[in-house]
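The values are calculated or read from the model by the stated rules, or taken from the named source; none is laboratory data. Bear in mind that the values here come from a model prediction, so they are computed numbers and not experimental data. Cβ coordinates were reconstructed from backbone atoms using ideal geometry, including for glycine residues, and neighbour counts include every protein chain displayed.
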Amino acid sequence: MVIILKENAPAVEVQALEQYLEAFDLQIKETVGEHMSILGLIGDTTAVDIDTLLTFPCVEDVRRIQEPYKAVNKKFHPEPTVVEVAPGIKIGGGNFQVIAGPCSVETEEQIIEVAEDVKKSGATMLRGGAFKPRTSPYSFQGLRANGLELLEEAKKATGMPIVTEIMSAAHLPLFKNVDVIQVGARNMQNFELLKALGKQEKPILLKRGLANTIEEWLMSAEYIMSEGNPNIILCERGIRTFETATRNTLDLSAIPVLKEKTHLPVIVDPSHATGVRQYVEPLAIAAAAIGADGLIIEVHNDPQKALCDGAQSLTPEQFDNTMKKIKKMRNFVTTELN
Ligand code: PEP
Ligand code: MN
């Protein structure tokens, strides 16, 4: 349920309303917007009588929320959430960022070289997997804790914030110098992991599961936010369909759908969505055109020798060209399409 407050409602009146609501054992989330302030009520609101609420002088309107997700619902928080990853690096609410780097961290030289290259091309965050969720236990599993150390070296060398995947809540202490913790597609519904990530403050990049609906994905974000962490970035990375020409099918429709349903920023991963290098650029441009808040793109300095996902990795030169086109599209979107 959301209670829309009258503009400039006196604080004493709002306090009186909040005191009345205390009897119902609900979580109350107050959102103060530029034009509208809202009290969002989470929990069983069946005993709350709308007509009684409307008698409070500070109440403009009351609406019941049908969707099962509350805290991430746009009706609870009409202004877009802006996640500040590092000073000056914001995502959402008109702020667009590109995250780039290899699928996996392999060596110190590799990660620093790629970091320097992608930074020159305009990427503002560095990606690189240290703990890798591989389909086969015989495939390269990542450098694990050592990979995180190498990412920190690359961060020191370039100043770029680092984005990397967590596979177990037990590893959280190792992530203390990581700027954005990624939850991979395979862990989107690992609810214990989501709860643990909700109890800390670092931004979470929550990828969509391989075969999950938008509502299930938003419920996973709700798990994180209901524990107290509002810093969530959603990432559409393609879903399983009958199509085999691409690794997954990029659900571009998810972007406008999410823009309507949630206040959280949404980025697109055209690398895992397609699995094919030459399709990454057109889908990256399409994502920028359709209103995504950013992109995450795999780049490797020697894709043929990459230990993971070489076929979908761009070379630094290809990434540089792609970035030029992304910038043009962003420019067009913000100037001509607005
Ligand atoms: C990744 O980003 O390296 C990754 C494994 O992605 P996903 O979880 O989307 O498959
Ligand atoms: Mn990958």
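Observations, loosely collected:
- Enumeration of residues in the range 285-333 that are charged (D, E, K, R) and either within 16 Å of ligand 2 (Cβ to nearest atom) or on the phi > 0 side of the Ramachandran plot (or both): Glu298, Asp302, Lys305, Asp309
- Of the residues making up the range 208-231, none is surrounded by fewer than 23 Cβ atoms within 10 Å (Cβ to Cβ), within 16 Å of ligand 2 (Cβ to nearest atom) and of a type in the set (S, T, N, Q).
- The set of residues from the range 69-96 being part of a loop (DSSP other than H, G, I, E, B), farther than 26 Å from Tyr20 by Cβ and out of contact with any Ser or Thr (no Cβ under 8 Å at 6 or more places or on another chain) comprises Pro80, Thr81, Val82, Pro87, Gly88, Phe96.
- Counting only strands (runs of 3 or more DSSP E) that fall entirely inside the range 1-50 and contain at least 2 residues that are farther than 12 Å from Arg64 by Cα, the qualifying elements are 27-32, 37-42.
- Screening the range 120-145 for residues that are near ligand 1 (Cβ under 9 Å from one of its atoms) and surrounded by fewer than 21 Cβ atoms within 10 Å (Cβ to Cβ) and picking the one that is nearest to the chain's Cα centre (by Cα) gives Pro133.
- Test: residue in the range 81-95 that is touching a helix residue (DSSP H, G or I) at 6+ places or on another chain (Cβ under 9 Å) and in the same structural domain as Gly294 (by TED's automatic domain parsing): yes
- Within the range 137-153, the set of residues being part of a loop (DSSP other than H, G, I, E, B), within 14 Å of ligand 2 (Cβ to nearest atom) and of a type outside the set (Phe, Trp, Tyr) comprises Ser139, Gln141, Gly142.
- Being in the same structural domain as Gly92 (by TED's automatic domain parsing), within 16 Å of ligand 1 (Cβ to nearest atom) and either farther than 18 Å from Gln189 by Cα or among the small types (Gly, Ala, Ser) (or both) holds for only one residue in Leu250, Leu234, and it is Leu250.
- Taking the range 232-255 as the range and being hydroxyl-bearing (Ser, Thr, Tyr), within 15 Å of Thr274 (Cα to Cα) and more than 16 Å from ligand 2 (Cβ to nearest atom) as the test, the residues that pass are Thr241, Thr244, Thr249.
- Taking first residues from the range 300-319 that are outside the structural domain of Gln110 (by TED's automatic domain parsing) and of a type in the set (S, T, N, Q) and partners that are within 15 Å of ligand 2 (Cβ to nearest atom) and assigned to a loop (DSSP other than H, G, I, E, B), no Cβ contact under 6 Å between residues at least 6 apart in sequence or on separate chains turns up.
- Cβ-Cβ under 7 Å pairs, at least 6 apart or on other chains, the range 184-199 side without any contact (Cβ under 8 Å) to a residue 60 or more places away in the chain, far side surrounded by 15 or more Cβ atoms within 10 Å (Cβ to Cβ) and among the basic types (Lys, Arg): Gly184/Lys207; Met188/Lys207; Met188/Arg208
- Leu258 meets each of the listed conditions (1) in contact with a Pro (Cβ under 7 Å, 6 or more places away or on another chain); (2) free of Cβ contacts under 8 Å to residues at least 60 places away in the same chain; (3) more than 16 Å from ligand 2 (Cβ to nearest atom) apart from (1).
- Subset tally (residues that are away from ligand 2 (no atom under 14 Å from the Cβ) and either buried (at least 23 other Cβ atoms within 10 Å of the Cβ) or in a loop (DSSP other than H, G, I, E, B) (or both)) for the range 98-110: 2
- Those helices (runs of 4 or more DSSP H) of the range 247-338 in which at least 3 residues are under 23 Å from the mean Cα position of the chain (by Cα), at pLDDT 95 or above and surrounded by fewer than 17 Cβ atoms within 10 Å (Cβ to Cβ), considering only elements entirely within it, cover 254-261, 277-289, 316-335.
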